[in-house]
Amino acid sequence: MMRPALAVVFLLAAAACVTAPARPPNASAPSTLRKQLARSLLNRHEWATASRPLLEEARLNPGDPEVHVLLAAVYREQGLYEESMTEYATALTLAPQSAEAYAGRGILRDVQGQFGEEALADFGRAIALEPRNPAHYNNLGFALYLRGRTIESVVALRQSLREDPAGRRAHNNLGFAYGQLGHYSRARREFERGGGTATVENNLGVVLEETSPREACDYFQTAAARDPKLEAPRTNIARACSSSTSPKGSPP
């Protein structure tokens with residue numbers, strides 16, 4: 001069973017933080033600073049602002065694969081999917097061993113709704129190139145979750161946590177996988193390790209929405225009450241708590 005709309009939100013979150021690879025020996029100081037600036041802006045989700053130093057860097061150093069990977073991420077987050085795919089292809093032509101490019105392209109495929117094997121193959125290549133990088137296992141795990149391959153998803157997400165036991169995204173994603181398997185106490189435990197109390201309540205609502213919509217609505221309302229500034233519960237309440245849903249505490 002596919003779970004595209006909601007799941008991709010979490011997958012994108014996994015892709016948002018980008019870390020700098022080792023600086024190449026011939027990298028100039030201005031070039032390095034421009035890329036560092038772009039990565040900082042990407043980590044703050046300032047996509048449009050990040051594009052400016054990257055476009056300038058691409059003009060000055062068109063043979064730098066890192067620039068094309070970063071520019072591809074900017075295009076992807078702005079919905080420019082064809083341009084993003086072109087940049088990933090350029091990066092992989094310049095650097096066929098770029099794990100970051102394979103991982104980014106895999107995320108792009110899932111964002112586009114291409115739920116075939118290509119994205120899984122990209123994540124697999126990224127893992128083969130960087131087997132100690134927890135983000136790659138997290139992305140593979142959530143991609144498997146999207147495809148309804150929940151047991152395999154759990155295996156990959158647990159490997160991510162073995163590499164980084166404090167990984168909040170992997171804990172949350174593992175919670176969703178456990179929830180899909182009906183292991184609700186395990187799901188709650190993983191959500192508690194991955195976020196604050198309101199986020200825990202919201203995520204439990206997401207887990208229960210298909211099977212117990214009334215209970216899910218209760219969780220969303222609790223999350224919104226505990227953190228009125230958190231956007232996700234409000235969005236979920238508007239979608240899931242219809243007028244036909246009994247208010248919290250009322251009998252069935």
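Scanning the range 179-201 for residues that are under 26 Å from Ala121 (Cβ atoms) and in contact with an Asp or Glu (Cβ under 9 Å, 6 or more places away or on another chain) yields nothing. In the range 170-184, the residues that are on the phi < 0 side of the Ramachandran plot reach residues that are at pLDDT below 95 and among the basic types (Lys, Arg) with C-beta atoms within less than 9 angstrom, at least six apart or across chains, in these pairs: Phe176/Arg3; Gln180/Arg3.
Of all residues in the range 138-174, those that are buried (at least 17 other Cβ atoms within 10 Å of the Cβ) and within 15 Å of Asn203 (Cβ to Cβ) total 9.
Quick check on Leu41: is it surrounded by 15 or more Cβ atoms within 10 Å (Cβ to Cβ), in contact with a helix residue (DSSP H, G or I) (Cβ under 6 Å, 6 or more places away or on another chain) and modelled with pLDDT of 50 or more? Yes: the conditions hold for Leu41. So is Arg3 farther than 24 Å from Ala128 by Cα, basic (Lys, Arg), surrounded by fewer than 20 Cβ atoms within 10 Å (Cβ to Cβ) and modelled with pLDDT of 80 or more or not? Judged against the criteria, Arg3 is not a match. Where helices (runs of 4 or more DSSP H) sit wholly within the range 59-115, those with at least 2 residues that are of a type in the set (A, V, I, L, M), more than 16 Å from the chain's Cα centre (by Cα) and buried (at least 24 other Cβ atoms within 10 Å of the Cβ) occupy 65-77. Taking the criterion of being under 18 Å from the mean Cα position of the chain (by Cα) and not small (Gly, Ala, Ser), the residues of the range 189-204 that qualify are Glu190, Phe191, Arg193, Thr199, Val200, Asn202, Asn203.
Residues being under 26 Å from Leu157 (Cα atoms) and either among the acidic types (Asp, Glu) or buried (at least 21 other Cβ atoms within 10 Å of the Cβ) (or both): count how many of those fall in the range 209-226.
Of the residues in that region, 6 qualify.
Within the range 175-197, the set of residues being modelled with pLDDT of 95 or more, out of contact with any Ser or Thr (no Cβ under 8 Å at 6 or more places or on another chain) and crowded, with 20+ Cβ neighbours inside 10 Å comprises Gly175, Phe176, Tyr178, Gly179, Ala187, Glu190. The residues listed here are Glu201, Glu210; of these, the one that is free of Cβ contacts under 8 Å to residues at least 40 places away in the same chain, in a loop (DSSP other than H, G, I, E, B) and farther than 30 Å from Ser98 by Cβ is Glu210. In the set Ala187, Ala166, Ala156, Ala177, only one residue is among the aliphatic types (A, V, I, L, M) and closer than 19 Å to Cys217 by Cα; that residue is Ala187. Only one entry of Ile107, Ile127 meets the criterion of being within 27 Å of Leu204 (Cα to Cα) and of a type in the set (A, V, I, L, M, F, W, C), and that entry is Ile107.
The values are calculated or read from the model by the stated rules, or taken from the named source; none is laboratory data. The structure presented is a predicted model; accordingly, all values stated were derived computationally and were not measured. When we count neighbours, we look across all protein chains shown, and the Cβ atoms used for this are built from the backbone with ideal geometry, even at glycine.
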